[in-house]
Amino acid sequence: MMASFALHGCSSVGEPLGLKPGTLGMFDPTRAEEISNGSPDAGIESHVGQAVPAEIVIGRVRMFEAMPKEESESVYKRQYLTFVQTWQNPREPTLSMDEFVSTISGFCYVSLWSTPVIEISMAALVPADIVDRIQYPGILDMLFWTGVGDLVAARTNDDGVLIVQRILCSEGPGYRECSRSYAKGLFDATTGRELSYRGKVKKDGLIVDTTHYKVVKRGE
C-alpha cells in the first residue's frame, strides 16, 4: 500500500501535491497478491484486469490543488495512467481520459493522523460535483501544513485510486458534535473493518457502515 508521510514543507513544482508520477494509487502493484484485507471476498472484481481491494479513507482535508483544464490530459497520462500501467497484469484503466478530464477538478490530501512534525495523509482525486462544497485550509495553512478542513470520506475505485465521495462534517461550530459519529482511518470497503496502514485488518478495530461511513461498532 502507498501512504503519504507528509512533512512540513511545500509541494515540488510540476506535479499535483508534489506527487511523483505513478504514485497516485493506494496500492503497490508489485504486492497486489499480499493485499487481501484478511478476507477472501475483499476487493472488486473488474472486467479490466485483476481485482483491486476496495478501501475507504476517512479524514480531514488538508492540502488541495486545482487542476487546470488545459493540463488535465497531461496530468492524467503522468499520474493516473502511469500508475495503472505499473500493475503486473495488463489492465485498461476504469477511468478513461475523457472521464478524468470531465469529472475531476483537482487533488487533495486527506489527513488520517498527525503530529506537529509528521503526518499520515493520502492523496485523493476531487470530483467536480463536490469540489466547491468542501472547505479547505487557507493558503498559508496549505503552505505550512497547519490547519485542516472538512471531514470527508474517500473511496478507491477499481484502479486503486482514492476519490472523495462525501463531506461528512463541515469545519465550524458544529464539527465536534458531528464528528463523534465517525472515526478517521482506513477501512475495508467490503466489510467496514478498520485496517492498519499496511492494509491488514486490525484486531478489535472499529467497524463502519460502508454506505454512510458512521461507526457501527467500536473495538472491545
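The table below gives the values:
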| item | result |
| --- | --- |
| The stretch 101-126, residues that are among the β-branched types (Val, Ile, Thr), at pLDDT 90 or above and outside any strand (DSSP E or B) | 101, 103 |
| Residue 88 being modelled with pLDDT under 90 and part of a loop (DSSP other than H, G, I, E, B) | yes |
| Verdict on residue 129 being closer than 27 Å to residue 92 by Cα, modelled with pLDDT of 95 or more and of a type outside the set (Gly, Ala, Ser) | yes |
| Matching residues in the stretch 166-194 - criterion: being hydrophobic (A, V, I, L, M, F, W, C) and either assigned to a loop (DSSP other than H, G, I, E, B) or in contact with a helix residue (DSSP H, G or I) (Cβ under 8 Å, 6 or more places away or on another chain) (or both) | 167, 168, 169, 183, 189 |
| Residue satisfying condition, being aromatic (Phe, Trp, Tyr), surrounded by 19 or more Cβ atoms within 10 Å (Cβ to Cβ) and either assigned to a loop (DSSP other than H, G, I, E, B) or modelled with pLDDT of 95 or more (or both), within set 136, 197 | 136 |
| Test: residue in the stretch 109-131 that is under 16 Å from residue 72 (Cβ atoms), touching a strand residue (DSSP E or B) at 6+ places or on another chain (Cβ under 6 Å) and aromatic (Phe, Trp, Tyr) | no |
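Residues checked against (1) of a type in the set (Gly, Ala, Ser); (2) at pLDDT 95 or above; (3) more than 14 Å from the chain's Cα centre (by Cα):
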| site | (1), (2), (3) |
| --- | --- |
| 164 | no, yes, no |
| 168 | no, yes, yes |
| 173 | no, no, yes |
| 179 | yes, yes, yes |
| 191 | no, no, yes |
| 201 | no, no, yes |
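For (1) in contact (Cβ under 8 Å) with a residue 40 or more places away in the chain; (2) over 18 Å from residue 156 (Cβ atoms); (3) among the hydroxyl-bearing types (Ser, Thr, Tyr), each residue gets a yes or a no:
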position: 169; (1), (2), (3): no, yes, no
position: 179; (1), (2), (3): no, yes, yes
position: 197; (1), (2), (3): yes, no, yes
position: 205; (1), (2), (3): no, yes, no
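The values are calculated or read from the model by the stated rules, or taken from the named source; none is laboratory data. No experiment lies behind these values; they were computed from the predicted model shown. When we count neighbours, we look across all protein chains shown, and the Cβ atoms used for this are built from the backbone with ideal geometry, even at glycine.
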